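Notes follow once the structure below has been shown.
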Amino acid sequence: MSTEAAALPLNEMVDLAPEIYRQRLVVEGLVTEPITAAQIEDYLSRLSGVLDMVTLIRPVTHQSDKYGWAGWIHWETSGAHFYGWDVPRLFFSVDIYTCKAFSAAEAVAFTRDYFNATRIEYREF
C-alpha cells in the first residue's frame, strides 16, 4: 500500500487504468442443498454462454475439506470464481471480472435460477 493510498477513505479507489474497461459483479446466495463440483463446472460453462464470453479452458474445481467447493473459469476477457460453502451454512459466492461488457441482470437471474437460490444478493462495481 502506498502512502497516498493510506490517506484515502477506505471505500474510495483511484482508477489507475481508465483506458482499460473492467466490469465486476459479485453474486451471493443461499441454497437448500450442497453444491457439487459437477454443478459448479456446468454453471460456469453455461454462464460463459449467458454472458457471451469466450472460454479458454474448461472450469477447474477443488474441494476444501473444511468448507466446500471452489471453481474457476478462464475467459478470453478475464474470468469468474465460484465458492460454495457447506458449513457453517449452505451459501455460494460468485465473483465475475471481465474486460468486456456483460448484462449484470442476466448474470444474476441465471445464477438465481440455476441454483434455485432461496435468497440472492449482488453488487456491481
task = Sticking with the crude label model, points 7 Å out along Cα→Cβ, report the distance from Ile57 to Arg112 in nm, one decimal please.
result = 3.3 nm
inquiry  = Roughly how far apart, in whole Å, are the Cα centres of segment 42-56 and segment 69-125?
reply    = 11 Å
task = Kindly express, to the nearest 10 degrees and within the range 0 to 90, the angle between helix 104-115's C-alpha long axis and the longest C-alpha principal axis of the chain.
result = 20 degrees
remark   = Computed, not fitted: 222 nm per-residue ellipticity of the chain from DSSP H runs ≥ 4 (each -39500 (n - 2.57)), nearest 500, equal to -7500 deg cm²/dmol
request  = Would you mind telling me which residue in Gly79, Gly29, Gly49 has the biggest mean-square fluctuation in a Gaussian network model of the chain, where springs connect alpha carbons within a distance under 10 angstrom?
outcome  = Gly49
inquiry  = So if I place +1 on the C-beta of Lys and Arg and -1 on the C-beta of Asp and Glu, and nothing else carries charge, what would the dipole magnitude of the chain be about its Cα centre? I want it in debye, nearest 20.
reply    = 200 debye
inquiry  = From Cα pairs below 8 angstrom and at least 6 apart in sequence, can you work out the relative contact order of the chain, rounded to a whole percent?
reply    = 34 percent
ask   = Longest span of the chain, sites excluded, free of trypsin sites (Lys or Arg not before Pro) in DSSP loop with at most 15 other C-beta atoms within 10 Å?
value = 23-65
query = With point charges of +1 on the Cβ of Lys and Arg and -1 on the Cβ of Asp and Glu, referenced to the Cα centre of the chain, which listed residue (Asn11, Tyr114, Ile73) lies farthest in the positive direction of the dipole?
reply = Tyr114
ask   = Where does helix 37-50 land angle-wise versus the long Cα axis of the chain, in degrees 0 to 90, nearest 10?
value = 50 degrees
key: Net lengthening on full extension, Glu33/Ser64 (0.36 nm per residue, minus Cα-Cα)   = 9.5 nm
request  = Provide the FRET efficiency to the nearest 0.05 for the Ser45-Met13 pair, computing r from the beta carbons and using R0 = 35 Å.
outcome  = 0.65
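Any read-out appearing in this document is the output of simple, stated calculations on the displayed coordinates, not a laboratory observation. Worth saying up front: this structure is predicted, and the values here are computed from it rather than measured. FYI the Cβ positions are ideal-geometry reconstructions off the backbone, even for glycines, and counts take in every protein chain you see.
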